[in-house]
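*Asks:* Here it is, the structure, as structure tokens.
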2 protein chains.
Amino acid sequence: MPSRLIRKLEAFVPLTEAEKTLVSDVERNVRTVAPKTDLITEGDSPENVLLIVEGFACRYKITSEGQRQIMAYLVPGDFCDLHIFILKEMDHSISTLSACKVVEIPRKRVLEMLKTPALATALWSATLVDEATLREWLVNIGTREAPQRIGHLLCELLLRLHVVGLVSEGRFELPITQAEIADTMGLSAIHANRSIQVLREADLITLARGHVVILDFKRLAAFSGFNPNYLHLRNQAEAGIGAIPQNAAISF
Amino acid sequence: MPSRLIRKLEAFVPLTEAEKTLVSDVERNVRTVAPKTDLITEGDSPENVLLIVEGFACRYKITSEGQRQIMAYLVPGDFCDLHIFILKEMDHSISTLSACKVVEIPRKRVLEMLKTPALATALWSATLVDEATLREWLVNIGTREAPQRIGHLLCELLLRLHVVGLVSEGRFELPITQAEIADTMGLSAIHANRSIQVLREADLITLARGHVVILDFKRLAAFSGFNPNYLHLRNQAEAGIGAIPQNAAISF
DNA sequence: CGGTAAGTTGACACTAATCAACTTTCGTGG
DNA sequence: CCACGAAAGTTGATTAGTGTCAACTTACCG
């Protein structure tokens, strides 16, 4: 069974067996990290690239006024910047949200992977999609109201987690608190709570105990103005709004 | 006199004469583009990298609800994504704000530049800083109130334009409308207008007819929670809050 | 000089933040 | 295994921040 990372990379470009082996080799030496633990802290000069194998992590920053803004979620198969070692010093932190399994990939190994053409394309694609996702988050926070923002986030997570095989019948684990959703969406925890209730009352989602069910993806996407093009999935048809048959078809 | 791009790259890494020549060679064939004209439109599959030589451009997206969100400013010396050709299709547009002079750099030339080590480091640094800037914008919109957001933007522009020699005595050209500032900051044009008035009344800035004066950078930075670390300028001391002596010292 | 775009002002409605109290869930130790 | 305390989630009331509409002034351009 292919790893989460391989699944994700193959959503961009098909890989040869040799390339998949190269990736698998890198995914050894998994380390378990407790929830809410910094993996990289602002000011660090990391030498390695970090890969999330299991669990949820996030990029975040604390402002001088003490507010936290989460800028990205890292889900299984995601890694932090490939060229992280070019800049002297991290300008933000990366922390686990839930308990995580992570791998430190030595710089050498990364450069090795970037030498094989298809793998390089796949890895750069993943990096470009991370950036596109960041842009989409800016659009989300900049233009949409609270319930739509959260709906948009859930649509995105559905597709991202689906690619790596973590969705079944529109259902996935989201092991984070409402306060963390609030810090992601630029909202107060209370307003996030009320916005989630709006989504629930419209029968768009279920969300409780770290467990999400998207009850009607098509309607949620329409409600939230979600367009998946920024995720650049190879099978755009599958990813397209309305192209995911409800429930059953999204499982494997 | 070095080009804006060379000035910017040398803010990251010193370049040899040969490298500077390589960059200069690329900056020929300048094309003039009218204000408010798309350089790249969502859905395009661009073959070339775009470099801004003069004027202001921006990345933007229009949501399904018809709202525009500006996600980045491109100022002289800035280019769009180096690996823009890896993904099949643009997920956002790039448009001029003012009249611009731009260069299309053929893919080949880019790869050529990336082969010389120091230049590669400088170009990747610039790309990483663009991404860091995008993250900082997310923090800005996600956590700060309107006047602080705009103040933060002006602090950033002061430093970015200073690097490429477009600031003199805390004064620079900002050839964009308040409506565009609003679309950048996720605000209505009217609220942007009132927020600018707050900054004016606090004697922090002057802003009129596309012309900005930062009257007190230190105070504006403190007011806005601005920390320049994400710009990763080599001379952090010079960029640091309070380290820019008022007025005179910021000119050349 | 006139027309249009940009900037400004006031009134009002709505979205979101804050504060406080309370309930439910979860993890831990007895 | 239950009991406890802490964390997470929920609710209501109030305030602050921001958007919208309309009218008006100022600046810009042919």
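*Asks:* If I ask for residues that are within 14 Å of chain B (Cβ to nearest Cβ), at positive phi and either away from DNA strand C (no atom under 14 Å from the Cβ) or of a type outside the set (Gly, Ala, Ser) (or both), which ones from the stretch A:200-235 would you list?
*Replies:* Within the stretch A:200-235, A:HIS232 is the sole residue that qualifies.
*Asks:* Moving on. In this structure, is B:ILE205 more than 12 Å from DNA strand D (Cβ to nearest atom) and within 18 Å of B:ALA99 (Cα to Cα)? Even if it seems obvious, please write down each step before you answer.
*Replies:* Working: more than 12 Å from DNA strand D (Cβ to nearest atom): yes; within 18 Å of B:ALA99 (Cα to Cα): no.
The answer is no for B:ILE205.
*Asks:* Only one of (1) within 16 Å of DNA strand D (Cβ to nearest atom); (2) touching a helix residue (DSSP H, G or I) at 6+ places or on another chain (Cβ under 6 Å) is not met by A:THR116, so which one is it?
*Replies:* Checking A:THR116 against (1) within 16 Å of DNA strand D (Cβ to nearest atom); (2) touching a helix residue (DSSP H, G or I) at 6+ places or on another chain (Cβ under 6 Å), the one that fails is (1).
*Asks:* Also, I was wondering about something else. So A:SER125 fits all but one of (1) out of contact with any Phe, Trp or Tyr (no Cβ under 6 Å at 6 or more places or on another chain); (2) surrounded by 21 or more Cβ atoms within 10 Å (Cβ to Cβ); (3) at the interface with chain B (Cβ under 9 Å from one of its Cβ atoms); what number is the exception?
*Replies:* (1)
*Asks:* Specify which of the listed residues (A:PHE226, A:PHE217) is modelled with pLDDT of 95 or more, touching a Cys at 6+ places or on another chain (Cβ under 6 Å) and more than 16 Å from DNA strand D (Cβ to nearest atom).
*Replies:* Details: A:PHE217 fails: touching a Cys at 6+ places or on another chain (Cβ under 6 Å).
Within the list A:PHE226, A:PHE217, the selection yields A:PHE226.
*Asks:* Return the residue satisfying two criteria in turn: it lies in the stretch A:149-201 and is away from DNA strand D (no atom under 11 Å from the Cβ) and hydroxyl-bearing (Ser, Thr, Tyr), and of such residues it is surrounded by the fewest Cβ atoms within 10 Å (Cβ to Cβ).
*Replies:* Only one residue tops the list, namely A:SER168.
*Asks:* Something else about it: Using the structure shown, decide if B:LYS8 is charged (D, E, K, R) and away from chain A (no Cβ under 14 Å). Spell out how you get there, then give the answer.
*Replies:* Working: charged (D, E, K, R): yes; away from chain A (no Cβ under 14 Å): yes.
Criteria met by B:LYS8.
*Asks:* Something else about it: From the list A:LEU157, A:LEU174, which residue is in contact (Cβ under 8 Å) with a residue 60 or more places away in the chain and in contact with a helix residue (DSSP H, G or I) (Cβ under 8 Å, 6 or more places away or on another chain)?
*Replies:* Values: A:LEU157 fails: in contact with a helix residue (DSSP H, G or I) (Cβ under 8 Å, 6 or more places away or on another chain).
Within the list A:LEU157, A:LEU174, the selection yields A:LEU174.
*Asks:* State all residues of the stretch A:117-155 that are closer than 22 Å to B:ARG144 by Cα and aromatic (Phe, Trp, Tyr); if no residue qualifies, say none.
*Replies:* If the condition is that a residue be closer than 22 Å to B:ARG144 by Cα and aromatic (Phe, Trp, Tyr), then A:TRP137 is the only one that fits.
*Asks:* A further question follows. Tell me the residue from A:PRO76, A:PRO147 that is of a type outside the set (Gly, Ala, Ser), within 26 Å of B:MET71 (Cβ to Cβ) and more than 12 Å from chain B (Cβ to nearest Cβ), please. Working first, answer last.
*Replies:* Working: A:PRO76 fails: within 26 Å of B:MET71 (Cβ to Cβ).
Exactly one of A:PRO76, A:PRO147 is of a type outside the set (Gly, Ala, Ser), within 26 Å of B:MET71 (Cβ to Cβ) and more than 12 Å from chain B (Cβ to nearest Cβ), namely A:PRO147.
*Asks:* Hey, among the residues in the stretch B:20-72 that are charged (D, E, K, R), within 14 Å of chain A (Cβ to nearest Cβ) and more than 21 Å from the chain's Cα centre (by Cα), which one's most open to solvent (accessible area, probe 1.4 Å)? Steps first, answer last, please.
*Replies:* To start, the set of residues in the stretch B:20-72 that are charged (D, E, K, R) comprises B:20, B:25, B:27-28, B:31, B:36, B:38, B:42, B:44, B:47, B:54, B:59, B:61, B:65, B:68.
Remaining after also requiring within 14 Å of chain A (Cβ to nearest Cβ): B:42, B:44, B:59, B:61, B:65, B:68.
Next cut, more than 21 Å from the chain's Cα centre (by Cα) only: B:44, B:65.
On the way: B:ASP44: 64, B:GLU65: 102 Å².
Once the filter is applied, the top-ranked residue is B:GLU65.
*Asks:* Would you mind listing the helices (runs of 4 or more DSSP H) fully within the stretch A:104-199 where at least 3 residues are closer than 26 Å to B:ASP81 by Cα and within 14 Å of DNA strand C (Cβ to nearest atom)?
*Replies:* Values: elements: A:107-115, A:117-143, A:146-163, A:178-185.
So the answer is A:117-143.
*Asks:* Right, another one. Based on this model, can you work out whether B:LEU157 counts as at pLDDT 95 or above and touching a His at 6+ places or on another chain (Cβ under 9 Å)? Walk me through how you get there before you give the answer.
*Replies:* On the way: at pLDDT 95 or above: yes; touching a His at 6+ places or on another chain (Cβ under 9 Å): no.
No, not satisfied.
*Asks:* Okay, moving on. Looking for something polar (S, T, N, Q), within 14 Å of chain A (Cβ to nearest Cβ), touching a residue at least 12 places away in the same chain (Cβ under 8 Å) and over 29 Å from B:PRO35 (Cα atoms) - is there at least one such residue anywhere in the stretch B:179-189?
*Replies:* Taking the stretch B:179-189 and keeping what is polar (S, T, N, Q), we get B:184, B:188.
So of that shortlist, the ones also within 14 Å of chain A (Cβ to nearest Cβ) come out as B:184, B:188.
Filter once more, so that each one left must be touching a residue at least 12 places away in the same chain (Cβ under 8 Å): B:184.
In the following step, the residues that additionally are over 29 Å from B:PRO35 (Cα atoms) were identified as none.
No, the stretch B:179-189 has no match at all.
*Asks:* For A:LEU159, indicate whether it is under 27 Å from B:MET71 (Cα atoms), in contact with a Pro (Cβ under 7 Å, 6 or more places away or on another chain) and more than 10 Å from chain B (Cβ to nearest Cβ). If you could, list the steps in order and put the result at the bottom.
*Replies:* Values: under 27 Å from B:MET71 (Cα atoms): yes; in contact with a Pro (Cβ under 7 Å, 6 or more places away or on another chain): yes; more than 10 Å from chain B (Cβ to nearest Cβ): yes.
Taking the combined requirement at face value, the residue satisfies it.
*Asks:* Does the stretch B:9-19 hold any residues that are over 22 Å from B:LYS108 (Cα atoms) and buried (at least 17 other Cβ atoms within 10 Å of the Cβ), and which are they?
*Replies:* Listed by number, the residues that qualify are B:GLU10, B:ALA11, B:PHE12, B:VAL13.
The values are calculated or read from the model by the stated rules, or taken from the named source; none is laboratory data. Keep in mind the model is a prediction, meaning the values are calculated, not measured. FYI the Cβ positions are ideal-geometry reconstructions off the backbone, even for glycines, and counts take in every protein chain you see. Heavy atoms of the whole protein, side chains included, go into the accessibility calculation; ligands, DNA and RNA do not. Shrake-Rupley method; radii C 1.70, N 1.55, O 1.52, S 1.80 Å.
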